[in-house]
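Below is one structure, written out as structure tokens, with a few remarks after it.
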Amino acid sequence: MYTDSPAADVDKDVDPLDAIELEYRAMLTLPTGWKLGQMRAEHPATTFDMFRDAMWNEAARCVLAPHNIATGNSSSYNYASGRLDHQVWDLAIDIERDDVETIILQKIFEAWLREFLSAKSGIAPTDIDLSLYSWRWYWPPREHVDPEKNARAKQVLWEMGIIADEDIWLEEGLHPTEQEDKLARQLDRRRRLELPLPGGQNFAAPTPAEPLPASDAAAAPKRVVRR
């Protein structure tokens, strides 16, 4: 109960913090100038979401993580803002991976390679020159939100001669040599089974050579073709 009356007009019959005995569900009247109100829940306030998001942003900024990564909620994102925020996140991941390669992986792999070459050659590990060898680390690629659009962009760059097959394989996290060998085996197998070839292009089968005259056939060198 509360009153809006000035302090001087407060009913003198009502003492502060006075208890009033009321029968359950039977209260019909109140003292003069007094009202009955419901308790209002004002916490958390309507600005609580803004406060929470600001705290998430401050915490995620330390690791350059986007807001939707920190909160697990992308309801306020569109495609453009999502791509823009994740560009900074992707650069941060690249830097972390470079640090891991330089500080951890390189040292471990060089130590293993020296032991491996030493066991095969009998040369002391410290006398092995690793500058004669080269290697590269492959990390899982990031999935594009629109794979079709990404593939079309790569196709345009490839047709313009700006990127090579190897660049595409490496970007996909695949070993170029292994992937090309795999595709060559697949192409040969699909030709033998007379199945459609990738890319919608059916390469013409080799044209059989015309038979030589009998006089030339005897002198022609024998040739064995293996498939």
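Rounding to the nearest 20 debye, state how big the charge dipole of region 147-199 is about its Cα centre with +1 on each Lys and Arg Cβ and -1 on each Asp and Glu Cβ. All intermediate terms of the calculation are to be shown ahead of the outcome.
Numbers: 9 positive and 12 negative charges, 74 e Å.
For region 147-199, the charge dipole is close to 360 debye.
Provide the FRET efficiency to the nearest 0.05 for the VAL100-MET39 pair, computing r from the beta carbons and using R0 = 45 Å. If you can, show how the numbers build up before the last one.
Values: r = 56 Å, r/R0 = 1.24.
Calculated value: 0.20.
Mind checking which of LEU193, LEU157, HIS175 is farthest towards the positive end of region 147-199's charge dipole, using Cβ charges of +1 (Lys, Arg) and -1 (Asp, Glu) about the Cα centre?
LEU193
Among the aspartates and glutamates, which have Cα under 14 Å from the Cα of LYS107 when same-chain residues fewer than 8 positions away are ignored?
Here the aspartates and glutamates satisfying the reach criterion relative to LYS107 are ASP98, ASP99, GLU115.
Output ³J(HN,Hα) for region 139-153: one whole-Hz value per residue in order, computed from phi by the Karplus curve 6.51 cos²θ - 1.76 cosθ + 1.60 with θ = phi - 60°, and x for Gly and Pro.
10, x, x, 8, 6, 7, 5, 10, x, 5, 5, 5, 5, 5, 5
5 Å is the cut-off here: which amide hydrogens, built 1.01 Å from N in the peptide plane, fall below it relative to THR3, excluding neighbours closer than 5 in sequence?
LYS35
What nm value, rounded to one decimal, do you get for the distance between ASP49 and TRP137 when each label is placed 7 Å out toward the C-beta?
With each label placed 7 Å out from Cα toward Cβ, I get 4.1 nm.
Laboratory data are not the source of any read-out in this text; all were calculated from the coordinates shown. Computed from a prediction, not measured in an experiment: that's the story for all the values here. Heads up, the Cβs are rebuilt from the backbone with ideal geometry, glycines too, and the neighbour counts pull from every protein chain shown.
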